[in-house]
Amino acid sequence: HGVLRETGLFEEDVLTELLQRVHETGDSITETATTEGLVDEVEFLSRVGDILDLPLLRLGDMDVDPALLERLPMKAVFQYNVLPVDEVDGHLLVVCSDPWDGRLSDGLRLAVGRPVRLALAPGADIAKAVKRFYGVGADTVDRMMDDDRFEVEAEGTLDKLELNEMDQEASVVKF
């Protein structure tokens, strides 16, 4: 991971240990690095964003057009811990805290039906914004995922039938 080296935030032995821990746990690089106290998440995402040319957004009081929220199925929002926040040059701008997930861009592209652009935001900012914009249903889905009552597939492809089913699921969960 040359990008991780380029951030200048990790000594080589710490970087090796971080990648080993990520491999063992299956957790994201960002989550592992921040929960283990190796780096501040905002600083980490800022440096990664500079290297990958991805903007870092703080979601705090950001308003999001409800029509944008409907463009990305709720299942994808929870599967990838992302949030659609804007439309830029005809592309849906989606914030994430884990740009390392190799399935992210393809999964979002399939869910939306066209290419998306990524931006970065701290995981806690995304979680708060999802709860604010999706309401009580977001809390419910979050709890169901935590105690394995709601299963999110790690792999697979989305087709039109599944996307239509997800739209119906979202309307039921949304209240």
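Once you put a point 7 Å from the Cα of residue 25 and another 7 Å from the Cα of residue 124, both along the Cβ direction, what distance in nm separates them?
Going from the residue 25 label point to the residue 124 one covers 1.6 nm.
Run the quick spin-label model on residue 67 and residue 16: label points 7 Å from Cα toward the beta carbon, then report their separation in nm to one decimal.
Once both label points are built, they end up 5.4 nm from each other.
No value in this document is a laboratory result; all are computed from the given coordinates. For clarity, every value in this text was computed on a predicted model and none was experimentally measured. Using ideal geometry, Cβ is built from the backbone for each residue, glycine included, and neighbour counts are taken over all protein chains shown.
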